[in-house]
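Reading through the structure tokens given below for one structure.
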Amino acid sequence: MVEFLSPKSKTIFESSAFIHKNSRHTSCVSDHYFNHAVEVFLPCCDSLPDAVQVSSPQRQEYYAVKRLPLAELTNAEFVSRFVKAGRLYVLSIGQHIDTHNVAAILPTGRLILSVNKDTYQELGLEGKPSQFEKPRKVTKYSVEVNLVAESFCKGKKNYERVQWCFKDRLDLTFDFLLAWQPNDPSQSLDDLGSFWSSKYECLRVEQRQHSFQMRNQSIPVIDSSLLLHRQHKSNQDASRMNGSSQGCEETQVRSCDAAEVYEWLGAVACQCDCSGASDSFVNTYRCPEPSQQVSSSVCHRWTGLITSERILHMLDALRSKVECSRMPWAALTVHGFTDSPVSWGSREHGFSKYGNNLYTFVIFPKEQRYWLIMGIGDHDVCP
Amino acid sequence: MSGFQRVVSKDTAEKFYLKVALEFENPDTRIDSVQFRALVSKALHQLYGETGASIPVDILRFQDDTMEAILRVSGRSLVKVWSALTLLGEYAQEECAIRVTQVSPHLLALAVDSRHFFQNLPS
């Protein structure tokens, strides 16, 4: 039978401790700007603990503004009132990054445009070809404008040029999502809504919640010191065939592999059936071994536009909860936007066959250890 | 205990997951998960013959009301399953279509879909 090439996948597994001096958990969360959903899975829990509920993104609202011209976002007044006065997250929606134009403003004050060739040529702003395109067949370009640069103010050439390009050359309009974390606590998200409410349709949106509880469920047994031992296992299997090893038995029984746990967490999040028999016609998937039976677990998800500060806050709350409770471990998953032009920091993000950019923390009570699993697509750079 | 460990896996994915939705011409037609598995086998058989029909596919989830399913296939048979499902036009003498909504090597990614989330923003 013919064989077809299957798309590549990139998954990064890390094992570290929160208290380790080089731990990258903070940068992983704070550099991932556009978070679409946050999900926690807590085994041995009947309901979401109060400490986690309080730190959840529930109270963090955001705005959706319809048909907003880009010139409004690069306007000097808007830049000084919002971009420079806090961390502003802006992302266009309803446009697909592989076929359309996409725009975003990062909290660092940079405007990123990912545009197709026609738009790029009409626009007249300098950019560079997308790094995932073939050299002579470039169809996507990315344009970057630093809104907080000194040269970006009224009267300066750079500013006037950008305004002219967005107003007169090409009137680029998008539906935007906006979230804002002001530096000054007396300011609030309302200021952002009232700024345009007379001219454009602004909606204040709450995060959507979804929660479910599972009873008498098998969960994998995990040893935080054994991240990936499958390759290891096959080597040992080979040596056992030669009649030499005994230690492998113990390794196999003690813990599940990070890749198996990751798949299982996905099965729980998608509410899949994890009780398939190995000879079943419909489904042969089951919880990886070794597993343990727990009476109740909770899975809770918030969906919308969630700022990374909020997630960092939540990660801290979850860490202290895991440390002082009888949970064997807990998981926190953050999903990025499929059509965001960046994944982590200013690393370019593309769609290819799937625009995954998500990460999961598996948090252990012992020695504040954690596993960090990052799933990205073919058109992504490893963070 | 080791402080830090990092493993990057960049190969072809071992498993791929597809989120699909089944539609019949007659909107009242409903099938269950066993029939859906048979439909997948039929689609594979139609395009790739006997060897195609033997490709292992797990139906991780099947919702009877919306007829949405999550499938698990090995990375090397992804293209075959995807193409067979796309080209299926009829099941049990009734016209039908399968829409592949999401494909990913990470099952967790299928839990949310940011592309379709904001389509019905309240106004």
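A few remarks follow.
- The residue list B:I59, B:I98 contains one member that is under 30 Å from A:E39 (Cβ atoms) and at the interface with another protein chain (Cβ under 8 Å from one of its Cβ atoms), which is B:I59.
- Scanning segment A:313-338 for residues that are under 19 Å from A:L177 (Cα atoms) and out of contact with any Leu (no Cβ under 8 Å at 6 or more places or on another chain) yields one hit, A:T338.
- Condition check for A:S194: hydroxyl-bearing (S, T, Y), more than 25 Å from A:R301 (Cα to Cα) and modelled with pLDDT under 85: no
- Condition broken by A:D273, with the remaining ones in (1) touching a residue at least 12 places away in the same chain (Cβ under 8 Å); (2) at the interface with chain B (Cβ under 8 Å from one of its Cβ atoms); (3) buried (at least 22 other Cβ atoms within 10 Å of the Cβ); (4) more than 18 Å from the chain's Cα centre (by Cα) satisfied: (3)
- Number of the exception - B:A21 against (1) more than 10 Å from chain A (Cβ to nearest Cβ); (2) in contact with a helix residue (DSSP H, G or I) (Cβ under 6 Å, 6 or more places away or on another chain); (3) small (G, A, S): (2)
- Residue check, B:L88 more than 9 Å from chain A (Cβ to nearest Cβ), hydrophobic (A, V, I, L, M, F, W, C) and more than 24 Å from A:C274 (Cβ to Cβ): yes
- Pairs, first polar (S, T, N, Q) in segment A:304-327, second assigned to a helix (DSSP H, G or I) and surrounded by fewer than 20 Cβ atoms within 10 Å (Cβ to Cβ), C-beta under 8 Å, six or more apart: A:S308/A:S30; A:S320/A:A51
- Pairs linking a residue in segment A:157-174 that is in the same structural domain as A:E72 (by TED's automatic domain parsing) to a residue that is of a type in the set (D, E), with Cβ atoms under 8 Å and 6 or more positions apart or on different chains, are A:R169/A:E122; A:L170/A:E122.
- Here segment B:2-22 is the region considered, the condition is being aliphatic (A, V, I, L, M) and within 17 Å of A:S9 (Cα to Cα), and the residue that is surrounded by the fewest Cβ atoms within 10 Å (Cβ to Cβ) is B:V8.
- Subset of segment B:66-85 [farther than 19 Å from A:D378 by Cβ, within 10 Å of the chain's Cα centre (by Cα) and either more than 7 Å from every other protein chain (Cβ to nearest Cβ) or of a type in the set (D, E) (or both)]: B:E68, B:A69, B:L71, B:L85
- Test: residue in segment A:295-317 that is in a strand (DSSP E or B), over 25 Å from the mean Cα position of the chain (by Cα), in the same structural domain as A:Y33 (by TED's automatic domain parsing) and closer than 30 Å to A:S218 by Cβ: yes
- For segment A:304-316, the count of residues that are surrounded by fewer than 17 Cβ atoms within 10 Å (Cβ to Cβ) and more than 29 Å from B:Q5 (Cβ to Cβ) is zero.
The values are calculated or read from the model by the stated rules, or taken from the named source; none is laboratory data. Just so it is clear, the structure is predicted and the values come from calculations on it, not from any experiment. No Cβ is skipped: glycine too gets one built from the backbone with ideal geometry, and neighbour counts run over all protein chains shown.
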